[in-house]
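Chemist: Would you mind keeping the following structure in view while I ask a few things?
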Amino acid sequence: MMAALTSMLSQYFQYPFVRYAFAVGILIALCSSLLGVTLVLKRFSFIGDGLSHVAFGALAVATVVNVQNDTLVVFPITVASAILLLRAGQNAKVKGDAAIAMVSVASLALGYLLLHLFSASSNISGDVCGTLFGATAILTLSAADVWLCFAMSLAVIVLFVCFYHKIFAVTFDETFARAIGVNVGGYNIFIATVIAVVIVLAMKLVGSLLISALVIFPALSAMRLYKSFRSVILFSACFSVCAAAIGMTVAILAGTPVGATIVTVDLLLFAICFALGGLRPHLGRA
Amino acid sequence: MALLECRDVTLAYEGHTVVENLSFCLEEGDYLCIVGENGSGKSTLIRTLLHLKKPSAGQILYGQGLQHKSIGYLPQQSAVPQDFPATVEEIVRSACLSRSGWRPFYTKEEKRQAEDNMRKTGVSHLAKRCCRELSGGQQQRVLLARALGAATKLLLLDEPVAGLDPQAGEGLYGLIEKLNRREKMTVIMVTHDVAAAVKYASHILHLAHRPLFFGTAAGYQQSDTGKSFMRWTKGEG
Ligand SMILES: Nc1ncnc2c1ncn2[C@@H]1O[C@H](COP(=O)(O)OP(=O)(O)OP(=O)(O)O)[C@@H](O)[C@H]1O
Ligand SMILES: [Mg+2]
């Protein structure tokens, strides 16, 4: 049994596109968990959902007008919405969660409507299901997509490491950071942009309905077990990478949908961490 | 040129005026205490000096190369965000960020400085503890250590002794006096402790929607405003 599974796996891994998909999947999971901690702490857990719906709407537009490389349409629209939504979150007059909900349902509805009215494809519900749940998208990535994902996730990771302390300061206490002259507005726009990049990437992995899982499960599990910002970030990165690796392996072997499998693994690991946190409240003091 | 000068400043929230006709001038090495009743605009003035809020009229001038990165700030009742995973050390070190520019890590010197400041405020033994597990007074001391780390020229403290036990409060006054005397640090402190204000400060600003008094601490004790306010606070206590 075990031997059969291993040989099946090694057979799959002979194909370069499977290897690429695996690597890209892990990088994307890593990126989303890094930013997930900041988002959860800033009470923006749902921005992932909102943005992914915007990206879905943008994808619909790209499909309808028949653009070759849909990332060129999806990406700028998502970045713009991310900046707008994070701004709205700061503005007391427009409540952040209401703004996110509004933008998210509006783009979902408009996107579906557009696809329904103008799409040339005969299999609309299949297409929609694919974008919403990721389906097998990760295995059908083109070489250009793979390289784009690679480059963008590496950029996100490098930027995150370089600005780690600033991201901490801006997340922990925005007022103090502003008072001592850190360019908080600039960093917020920077964080919004990176989040938008991650969302666009993660859509390819798990689809737009499941993105929040990649963002919140690693962060919540880590916060259950660890008490310093650094260990929370490190643990959630490991958590997310493991979940993605296990999930993709299972998906390949069992032929289950990639996105849903990864999220299920996330959920299981989260349950384990939660139980551990209850059993050993003093685990990992720092 | 003075370190800090307010010229005819008006502070307001959406057209509702809080303080008007405020003019004063601070030199390097001055120690200003701001006193006044609740809601008289003390915190608003501090926030304005920090550029967190714009004055609705008048000018605030900064001299002698006073920049953001040489200012330390302790907010009033700064609630550490609930459920935020951050150790005391991480918080205190974040004070250096204003000076680190694009550098992505802390230098040895910056880490040592953070340690010093933790020792000064008596939280060294808590360095690895998570901030959300500390008592209110301990959190206050942590944020005070952070403020000290950011300050090289000017220290703005909004009710720093609120929430501290009397001994820690005395220690804090002593610490700030030392900084002020030895390192020529300019200090602006909001306090309700008028007795301590006249004891330690060089200047007093008494706010009540208008500045009722600005001058030296000795002058304040002689003035009618000061006399009546001190008698009143003593009567209360
Ligand atoms: N964000 C705000 N929006 C509108 N009005 C405000 C705001 N913050 C403060 N105020 C008003 O401004 C006035 C001054 O407030 P401020 O916080 O400066 O008082 P304070 O002197 O610091 O009082 P305390 O001794 O209680 O700290 C108050 O009347 C308050 O109602
Ligand atoms: Mg106040």
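Here, each number is a calculation from the coordinates, and none is a lab measurement. These numbers come from a predicted model, not from an experiment. With ideal geometry, Cβ positions are generated from the backbone for all residues, glycine too; neighbour counts draw on all protein chains shown.
Chemist: Among B:Ser228, A:Ser81, which comes first, then next, by fewest other beta-carbon atoms within 10 Å? List each step's numbers first, then the result.
Modeler: Numbers: B:Ser228 11, A:Ser81 26.
Ranking B:Ser228, A:Ser81 by Cβ neighbours within 10 Å, fewest first, gives B:Ser228, A:Ser81.
Chemist: If R0 is 35 Å, what FRET efficiency do you get for A:Ala98 and B:Lys54 from their C-beta distance, rounded to 0.05? All intermediate terms of the calculation are to be shown ahead of the outcome.
Modeler: On the way: r = 28 Å, r/R0 = 0.79.
Once rounded, the FRET efficiency stands at 0.80.
Chemist: Now a separate question. If amide hydrogens are placed 1.01 Å from N in the peptide plane, which non-local residues have theirs closer than 5 Å to the one on B:Val190?
Modeler: B:Ile34, B:Leu157, B:Asp158, B:Glu159
Chemist: If you average the sequence gap of Cα pairs under 8 Å that are 6 or more apart and divide by the length of chain A, what percent do you get for the contact order? Mind dumping the intermediate values first?
Modeler: Values: 380 pairs, mean separation 86.2, N = 286.
For chain A, the relative contact order is 30 percent.
Chemist: Now for a different question. What do you get for the angle between helix B:108-120 and the principal long axis of chain B? Use alpha-carbon atoms, 0 to 90 degrees, nearest ten.
Modeler: Value to nearest ten degrees: 60.
Chemist: A follow-up question, please. Neighbour counts of other C-beta atoms within 10 Å: give me A:Leu27, B:Leu155, A:Leu72 arranged from fewest to most.
Modeler: Details: A:Leu27 21, B:Leu155 25, A:Leu72 10.
Final ranking by Cβ density, sparse to dense: A:Leu72, A:Leu27, B:Leu155.
Chemist: To continue, here is another question. PRE reach from B:Arg181 (point 7 Å along Cα→Cβ): which of region B:29-48 fall under 18 Å by backbone N?
Modeler: Residues B:29-33 fall inside that zone.
Chemist: Could you check the spin-label model distance between A:Val158 and B:Phe105? Points 7 Å from the Cα along Cα→Cβ, value in nm.
Modeler: 1.8
Chemist: List B:Asp193, B:Asp8 from most exposed to least, where exposure is judged by having the fewest other Cβ atoms within 10 Å. Please list the in-between numbers first.
Modeler: Numbers: B:Asp193 19, B:Asp8 12.
With the sparsest Cβ surroundings first, the list reads B:Asp8, B:Asp193.
Chemist: I need the phi-derived Karplus couplings for region A:192-198: 6.51 cos²θ - 1.76 cosθ + 1.60, θ = phi - 60°, integer Hz, Gly and Pro marked x.
Modeler: 4, 5, 4, 4, 4, 4, 4
Chemist: Pick from B:Leu97, B:Leu157, B:Leu143: which is most flexible by mean-square fluctuation in a GNM of chain B where alpha carbon atoms under 10 Å apart are linked?
Modeler: Fluctuation is largest for B:Leu97.
Chemist: Could you run the Karplus curve 6.51 cos²θ - 1.76 cosθ + 1.60 with θ = phi - 60° over region B:32-47 and give me ³J(HN,Hα) per residue in whole Hz, x for Gly and Pro?
Modeler: These are the phi-based 3J(HN,Hα) values: 9, 10, 9, 10, x, 6, 4, x, 7, x, 5, 5, 4, 5, 4, 5 Hz.
Chemist: Enumerate the amide H contacts of B:Phe213 below 5 Å, restricted to partners 5 or more residues apart or on another chain; note that Pro and chain-start residues carry no placed amide H.
Modeler: B:His206
Chemist: I would also like to ask the following. If you fit an axis through the alpha-carbon atoms of helix B:166-182 and take the longest principal axis of the Cα set of chain B, what angle between them do you get, 0 to 90°, nearest 10?
Modeler: In chain B, helix B:166-182 runs at an angle near 80 degrees to the longest axis.
Chemist: Please list, ordered by chain and number, the residues whose modelled amide H lies under 5 Å from the amide H of B:Tyr31; skip anything fewer than 5 residues away on the same chain.
Modeler: It is B:Val187, B:Ser202, B:His203, by chain and number.
Chemist: Would you mind getting me the FRET efficiency between A:Ala109 and A:Asn183? Use the beta-carbon distance for r and R0 = 41 Å, nearest 0.05.
Modeler: Numbers: r = 37 Å, r/R0 = 0.90.
Efficiency, rounded to the nearest 0.05: 0.65.
Chemist: Gaussian network model of chain A, Cα springs within a sub-10 Å range: biggest mean-square fluctuation belongs to which of A:Ala243, A:Ala275, A:Ala99?
Modeler: Looking only at A:Ala243, A:Ala275, A:Ala99, the biggest GNM fluctuation is shown by A:Ala275.
Chemist: From the square roots a ≥ b ≥ c of the eigenvalues of the alpha-carbon gyration tensor of chain A, which class results: rounded (a/c under 1.5), prolate (a/b over b/c), or oblate?
Modeler: Values: a/c = 1.80, a/b = 1.10, b/c = 1.64.
Here chain A falls in the oblate category.
Chemist: Does chain B come out rounded, prolate or oblate by the C-alpha gyration tensor, with a ≥ b ≥ c the root eigenvalues, rounded set by a/c under 1.5 and, if not, prolate when a/b is larger than b/c and oblate if not? Provide the component values of the computation, followed by the final result.
Modeler: Working: a/c = 1.73, a/b = 1.43, b/c = 1.21.
Cα axes put chain B in the prolate bin.
Chemist: What's the tally of Lys pairs in chain B whose alpha-carbon atoms lie under 17 angstrom apart, where the two lysines are 8 or more places apart or on different chains?
Modeler: Going through chain B pair by pair, I get 13.
Chemist: Ratio of alpha-carbon Rg to the 2.2 N^0.38 Å globular estimate for the protein assembly as shown, to two decimals, please. Display every interim value, and only then the final one.
Modeler: Values: Rg = 27.6 Å, N = 523, 2.2 N^0.38 = 23.7 Å.
Normalised by 2.2 N^0.38 Å, the Cα Rg of the protein assembly as shown equals 1.16.
Chemist: Give the calculated FRET efficiency between B:Asn38 and B:Asp83 to the nearest 0.05, with a Förster radius of 30 Å applied to their Cβ-Cβ distance.
Modeler: Working: r = 30 Å, r/R0 = 0.99.
Approximately 0.50, to the nearest 0.05.
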